[in-house]
2 protein chains.
Amino acid sequence: MARRVKTPPQPKSNLDARKATILEAVVVEHVDTAQPVGSSSVAQNADLVVSPATVRTEMVALEREGYLAQPHTSAGRVPTDKGYRYFVDHLEAGVLGPAQQRQIKEFFAHVRGEVEDVLEQTSLLLSHLTSYTSVVVGSGHSHATVLSVQLVNLDARHHLLVTVFSDGTVTKHSVLASFEADHVEVSEASRQLNALLIGTTLEAKVQVPSRGDTIAKLVREAVSLLHAEMPTMEGEQVYIGGSAKVADVFEGVETVRKVLGILEQELLVVSLVEDILDKGVTVAIGSEHGFEPLSSCAVIVAPVSLDGETIGAVGLLGPTRMKYQEVMAAAEAVSKHLTTHFGGENERA
Amino acid sequence: MARRVKTPPQPKSNLDARKATILEAVVVEHVDTAQPVGSSSVAQNADLVVSPATVRTEMVALEREGYLAQPHTSAGRVPTDKGYRYFVDHLEAGVLGPAQQRQIKEFFAHVRGEVEDVLEQTSLLLSHLTSYTSVVVGSGHSHATVLSVQLVNLDARHHLLVTVFSDGTVTKHSVLASFEADHVEVSEASRQLNALLIGTTLEAKVQVPSRGDTIAKLVREAVSLLHAEMPTMEGEQVYIGGSAKVADVFEGVETVRKVLGILEQELLVVSLVEDILDKGVTVAIGSEHGFEPLSSCAVIVAPVSLDGETIGAVGLLGPTRMKYQEVMAAAEAVSKHLTTHFGGENERA
DNA sequence: TGTTAGCACTCGATTTTACCGAGTGCTAAC
DNA sequence: GTTAGCACTCGGTAAAATCGAGTGCTAACA
């Protein structure tokens, strides 16, 4: 039962100033200590000038309204998902520490290489920066156009279809033909494929030759292979950085196992991140993403765009008890840098 | 201090039959129960017809010789690395369960797609089969020959060098030129590159044009990019399956964290596997691989070859307390299947 | 009416103690 | 060389005792 997150922020979450302060104090302390927070530490800590007793009264109210929970009688309070949600919704944009800022600048000043490499490195950066597990997603090339297609023959029946797209990605497909084709025929097929496909996107229909000769058959085979890729997630790239952090950050072997298991299924991770992005949200807390096995996790995402188009995302996965401000700032900073990195690179207008 | 593993098996490991039986019983039971093993259970269990007291005497000897250890006085015995080593050295080849055999057959009968996909799937198979973490390594294409080179231009200064090798791998390299080049020049460079490189390996030196024109510069740039790849591990492929199993199989969060951290550094994993392969060994137990952070692990490897050449390996990583027989059988079976899978595919002689 | 001090009470966490028993090493008899 | 017998060790578990952080409630207070 996923809690729906609407674009208008905090539909009815209106807490008076003091309750808000108390909630915030509880979140901050609990994130820091991982322990239930008692009334007295809140009373001292925050810039409230009230007694613990008053705080207690407020806490009872906050609990009734679902922002806090009590692990058991006579323990302190712990934020609920709803409590965290209020907290992040009312978080003013965090600033990154100077050391981290420098680290990011440094990184993007020196990083080079293929897009794939950059994304992979970025995922490591993010994970180092935040000490949570990071996910970097590069969207598939659904509206990239074909720059070049080439059919290379390995032997009489095996060929390799290599396609270059305008976004710089390269795909390969094995073509296993039921008939033999020689070098000349393959070259000709290659030429025809180029003529046919260059400039098109994979979504576009193309007119394939219906003749029955070897060349036409090769062409048809190749085109269908390429287009078969579309409906699947193929072409999506996922880079997961710091999965070892899972063991640090979650307590309980069971949780660790579950989260690691999820991370292994990269398709799942991609769709999770994209779901969250689609909702227009940057943070999904606990059950909000509607993905039960990760109900003790929070996921923070930030889109990476190019020409107004979302071409990927960076994400961070940690426990709901997470340093939201820092992590959100890091995700945002990195996604911005990535955006300009690719933007600057592709100045081919 | 890595224990050297020489080709001549068990240099001085000669235990009389009874000691061997006892050691074996201890290993088997401890692998099964994860508990120290006492003299009485050994006396009952094994087909020894001696009393616990006798077993105890033998155990004292085995401990003195370094095959067994005692967690503390008045606990049972636990095998040492040396104990496990003796055990696996004297293991007759295990047979796979019929269910597993079927699973493997099934898998290789139905698997298709690119080599990379097959290897990745295989790593999942292995991990399912054994419930340990698996590592599948594909060697780089160091002696594959170039089948095709193509330079595709993205814009005036950005080009993409796409190379197809005889082993079916495809690489891409961004070429960022300091000068502009038009479509025609790039095509010509592409043509020349083909003439120059087709049929060569990346190890071979080629005669690049020394002229100063755009085309020659492009060609030189491309060739140097390709050759720069060689010394690094690039081209190595690693597929790790079931890293979540780490959390099941090792006790202690600390160990889990450490092992996961290692697994993240894929280069490390590759070199570990290749080290073990180089030693001509199939099992590295505990400190044998000389890699301290994995001192509580055993690694089982099996090479995958093609035409007598080792083209990759499958590996399994678990605790030293591991089901060696089963796992070795699985690794061997899968590596055999992989070998014939690729062997059968590439019948282009 | 909202705030606070006071207080009895709860209940998980920690420490203490007691105890059990699996397993050992040794010795003496077979 | 093997075995039964036996005293001894020591980790693991369970029961008991204790502690104290934190609560909810009530009554007094501003």
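Between residue A:128 and residue A:177, what's the calculated FRET efficiency when r is the beta-carbon distance and R0 is 56 Å? Round to 0.05.
0.75
Using the heavy atoms of the protein chains alone and a 1.4 angstrom probe, what is the accessible area of the protein assembly as shown per residue in square angstrom?
For the protein assembly as shown, the per-residue accessible area is 47 Å².
Contact order normalised by length for chain A, with contacts defined as Cα pairs under 8 Å and 6 or more residues apart; what percent is it?
It comes to 19 percent, rounded to a whole number.
Residue A:311's amide H: which non-local residues (gap 5+, or another chain) put their own amide H closer than 5 Å, with H modeled 1.01 Å from N in plane and none for Pro or chain starts?
So residue A:311 has HN proximity to A:304, A:305, A:306.
Taking a label point 7 Å out from Cα toward Cβ, give me the nm distances from residue B:61 to the same spot in the other copies, shortest first, one decimal.
Copy-to-copy label distances for residue B:61: 8.1 nm.
Tell me: how much accessible area in total is hidden between B and A, 1.4 Å probe, Å², nearest 100?
Answer for the B-A pair: about 2900 Å² buried.
Is segment A:74-119 best put as rounded, prolate or oblate by its Cα gyration tensor, with a ≥ b ≥ c the root eigenvalues, rounded for a/c under 1.5, and otherwise prolate when a/b is larger than b/c, oblate when not?
Since a/c reaches 1.5 and a/b is larger than b/c, the shape of segment A:74-119 is classed as prolate.
Measuring nothing but label to label, 7 Å from Cα along Cα→Cβ, what are residue A:295's distances to the other copies in nm, shortest first?
Listed shortest first, these distances are 4.2 nm.
Kindly identify the protein assembly as shown as rounded, prolate or oblate by the Cα gyration tensor criterion: order the square roots of the eigenvalues as a ≥ b ≥ c, call it rounded if a/c is under 1.5, otherwise compare a/b with b/c, prolate if a/b is larger, else oblate.
Oblate is the answer for the protein assembly as shown, as a/c is 1.5 or above yet b/c matches or exceeds a/b.
Would you work out the Kirkwood radius for segment A:146-228? I mean one over the mean of 1/r across all pairs of different Cα atoms, in Å.
After inverting the mean inverse Cα-Cα distance, the result is 12.5 Å.
Compute the label-point distances linking residue A:251 to its equivalents in the other copies; points lie 7 Å from Cα along Cα→Cβ; give nm, one decimal, shortest first.
Sorted ascending, the copy-to-copy spacings read 2.0 nm.
Over all residues in A:242-254, what is the mean tally of Cβ atoms on other chains that come within 10 Å of each residue's Cβ?
5
Report, to the nearest 10°, how far helix B:253-264 tilts away from the longest principal axis of the Cα atoms in chain B, using its own Cα long axis and a range of 0 to 90°.
30
Between rounded, prolate and oblate, where does segment B:220-298 land on the alpha carbon gyration tensor, with a ≥ b ≥ c its root eigenvalues, rounded for a/c under 1.5, else prolate if a/b exceeds b/c?
Prolate, since a/c reaches 1.5 and a/b exceeds b/c.
Let me know the mean shielding of B:256-264 by other chains, meaning the per-residue number of their Cβ atoms within 10 Å of its Cβ.
What the average comes to for B:256-264 is 5.
Run the numbers for residue B:95 and residue B:292: contour at 0.36 nm per residue of separation, minus the present Cα-Cα distance, in nm.
Answer, rounded to one decimal: 67.7 nm.
With the contact rule set at Cα under 8 Å and sequence spacing of 6 or more, what percent relative contact order holds for segment B:115-229?
22
Which GluC sites (Glu not before Pro) does segment B:78-118 hold that lie in a coil by DSSP with at most 13 other beta carbons within 10 Å?
B:92
From the P(r) of segment B:90-166, could you give the percentage of C-alpha pairs in the tail past 17 Å?
Looking at segment B:90-166, the distances longer than 17 Å represent 66 percent of pairs.
Beyond 21 Å, what share of the Cα-Cα pairs of segment A:2-131 is found? Please give it as a whole percent.
54
Using modelled backbone amide H atoms (1.01 Å from N, in-plane), which distant-in-sequence or interchain residues come within less than 5 Å of residue B:283's amide H?
Answer set, sorted by chain and number: B:301.
With a point put 7 Å past each Cα toward its Cβ, work out how far residue A:207 is from residue A:187 in nm, to one decimal.
Here the modelled spin labels are 2.7 nm apart.
Taking residue A:323 as the anchor, which aspartates and glutamates have their alpha carbon closer than 15 Å to its alpha carbon, excluding any fewer than eight residues away along the same chain?
Filter leaves A:24, A:29, A:32, A:81, A:89, A:92, A:248, A:332.
First compute the accessible area of chain B with a 1.4 Å probe, then give the percent of it belonging to carbon and sulfur atoms.
52
Would you work out which of B:184, B:207, B:162 lies farthest towards the positive end of the dipole of segment B:146-228? Charges go on Cβ: Lys and Arg +1, Asp and Glu -1.
Final value for the positive-end residue is B:207.
What number in nm² do you get for chain A if you take the convex hull of its Cα atoms and divide its surface by four?
If I average the Cα hull's projected area over directions, I get 21.9 nm².
The values are calculated or read from the model by the stated rules, or taken from the named source; none is laboratory data. Here the structure is a predicted model, which means the values were calculated and not measured. Here Cβ is always computed from backbone atoms with ideal geometry, including for glycine, and neighbour counts include all displayed protein chains. Note: areas computed on protein heavy atoms with side chains; ligands, DNA, RNA excluded. Shrake-Rupley method; radii C 1.70, N 1.55, O 1.52, S 1.80 Å.
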